[in-house]
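The values are calculated or read from the model by the stated rules, or taken from the named source; none is laboratory data. Since the model is a prediction, treat every value here as computed from it, not as a measurement. Every residue, glycine among them, receives a Cβ derived from its backbone with ideal geometry; neighbour counts consider all protein chains shown.
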Amino acid sequence: MLEVRGLTSHYGRIQALKGVDLLVRPGQLVAIVGANGAGKTTLLRTLSGVQPASGGDVLYGGRSIVASSPEARVRAGMSQVPEGRQVFAPLSVEDNLRLGGYTRTRQEIASGLQRAWELFPVLHEKRALPAGTLSGGQQQMLAMARALMAQPRLLLLDEPSMGLAPLLIVEIFRIIRALVDQGMTILLVEQNAHAALSIADAGYVLETGRVSLSGTGAELLDDENVRRAYLGM
Ligand code: ATP
């Protein structure tokens, strides 16, 4: 579904991505793990098109999208949930979701809302409240539900566990896995390597802009270097 080849990206003279190769197959949950500053956010931003690539290629469904606008990528079925959630705090939960469906018809928005309420019952309870009044975990759910309103085929998640209490992390990762089990394809970027690799079909370790290691989630969880560097063992 997504194939990244030799992707590079720069901030001025700083090279944040130094030739990244990776593959996301349809129906897979793929996790990118790595330390602070490894380039995880830059990678997601380059895939969604908000950060330009300086070299390499991104194939989505076999076609190069590396020069496409972020809007064109959303229309083609790629939807990103940004780091830090970024919900529209003064707007109601429901209006946040409606905004997520801006590329969709009224009927699709109605069925999208229905699906969001089923996946996240707590959002239905709070649908009329300003999004800013939700807890951190609920805002993370709202950000995911909002991205799903665009009916993506590929969901890009940036650090969904950031700032959440341990119990909520378990809940969010359970929902992420459930989405994949229902047929969604997800590329997940996480500093919480253990949580991410535990639910991932495949994983990549990013180190200073390069993939240093890849394998199944289970293989990486078992890897001596990963355990020492990212799992604190
Ligand atoms: P974090 O978990 O802290 O978000 P990350 O793995 O997502 O880390 P990036 O944020 O992608 O890493 O950063 C990769 C590199 O690019 C770092 O060296 C960082 O300092 C640099 N960088 C990121 N954003 C900018 C920017 N706007 N201008 C200049 N350099 C940047």
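The set of residues in segment 62-79 being assigned to a strand (DSSP E or B) and more than 15 Å from residue 142 (Cβ to Cβ) consists of 63, 64, 78.
Could you tell me whether segment 67-77 includes any residue that is at pLDDT 95 or above and either among the charged types (D, E, K, R) or within 12 Å of the ligand (Cβ to nearest atom) (or both)? No, segment 67-77 contains no residue that is at pLDDT 95 or above and either among the charged types (D, E, K, R) or within 12 Å of the ligand (Cβ to nearest atom) (or both). Just so you know, in segment 169-219 the residues that are assigned to a strand (DSSP E or B) and more than 16 Å from the ligand (Cβ to nearest atom) include one that is surrounded by the most Cβ atoms within 10 Å (Cβ to Cβ), and it is 186. Just so you know, in segment 33-57 the residues that are among the β-branched types (Val, Ile, Thr) and over 18 Å from residue 203 (Cα atoms) include one that is farthest from the ligand (Cβ to nearest atom), and it is 50.
Of all residues in segment 11-29, those satisfying the criterion of being within 16 Å of the ligand (Cβ to nearest atom), in a strand (DSSP E or B) and on the phi < 0 side of the Ramachandran plot are 11, 14, 15, 16, 17, 18, 20, 22. Filtering 163, 209, 183 for residues that are over 22 Å from residue 143 (Cα atoms) and out of contact with any Pro (no Cβ under 7 Å at 6 or more places or on another chain) leaves a single hit, 209.
In the set 47, 99, 59, only one residue is assigned to a helix (DSSP H, G or I) and surrounded by fewer than 17 Cβ atoms within 10 Å (Cβ to Cβ); that residue is 99. Take residue 3 and tell me if it is in a strand (DSSP E or B) and over 25 Å from residue 137 (Cβ atoms). The answer is yes for residue 3. Determine whether residue 15 is buried (at least 19 other Cβ atoms within 10 Å of the Cβ), among the polar types (S, T, N, Q) and either in the same structural domain as residue 158 (by TED's automatic domain parsing) or more than 28 Å from residue 151 (Cβ to Cβ) (or both). No: the conditions fail for residue 15. So is residue 108 among the charged types (D, E, K, R) and within 16 Å of the ligand (Cβ to nearest atom) or not? For residue 108, the condition - among the charged types (D, E, K, R) and within 16 Å of the ligand (Cβ to nearest atom) - is not met. For residues in segment 30-44 being among the small types (Gly, Ala, Ser) and part of a loop (DSSP other than H, G, I, E, B), which is farthest from residue 228 (Cα to Cα)? Filtering segment 30-44 for residues that are among the small types (Gly, Ala, Ser) and part of a loop (DSSP other than H, G, I, E, B), the one farthest from residue 228 (Cα to Cα) comes out as 39.
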